[in-house]
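Heads up, the thing below is written out as structure tokens.
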Amino acid sequence: MGMIEIASADGLRYGAYENAPQRPGRQRAGAVVVLQEIFGANSHIRAICDRFAAHGFTAIAPALFDRRVRNFESGYSAPEIDAAREIPLRIDWSLMLMDLQAAIDSAMESIDLCPVVTRRPRPPPVRSRRRR
């Protein structure tokens, strides 16, 4: 539990909070990536990760604003919210998505499960039955 560094595809190393469940002899339930709000990976986001870990999940909250402001965290007062609203306006979203993918990759490395993505088949169309 605590802060880790994640390497993005372009070599940037940025922070993330990680909490992995302590379940000796039991398989982990999986992994989740918890996305921050405009307030950064603050105490609220870390508490969400802690709750997921308590239920058996590895939880990672990447500090997605680290490209603009390293270790950014904001409170909830009006001036803090105004300052926090400015950061997403200066974000390169394609780089943020690359950082997010690195966090997903890091989460997948931390579990012992093989990811399986399935697509549910569509239900058959409902045909109306008209009486003649």
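The values are calculated or read from the model by the stated rules, or taken from the named source; none is laboratory data. From a predicted model like this one, the values you see are computed outputs, not experimental measurements. With ideal geometry, Cβ positions are generated from the backbone for all residues, glycine too; neighbour counts draw on all protein chains shown.
Per-structure values
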{"quantity": "Test: residue in region 71-89 that is surrounded by 14 or more Cβ atoms within 10 Å (Cβ to Cβ), out of contact with any helix residue (DSSP H, G or I) (no Cβ under 9 Å at 6 or more places or on another chain) and either among the basic types (Lys, Arg) or in a strand (DSSP E or B) (or both)", "calculated": "no"}
{"quantity": "Filter result for residue 68 (modelled with pLDDT under 95, under 18 Å from residue 110 (Cα atoms), basic (Lys, Arg) and not in a helix (DSSP H, G or I))", "calculated": "no"}
{"quantity": "Any hit, region 15-28, residues being modelled with pLDDT of 95 or more, aromatic (Phe, Trp, Tyr) and crowded, with 18+ Cβ neighbours inside 10 Å", "calculated": "yes"}
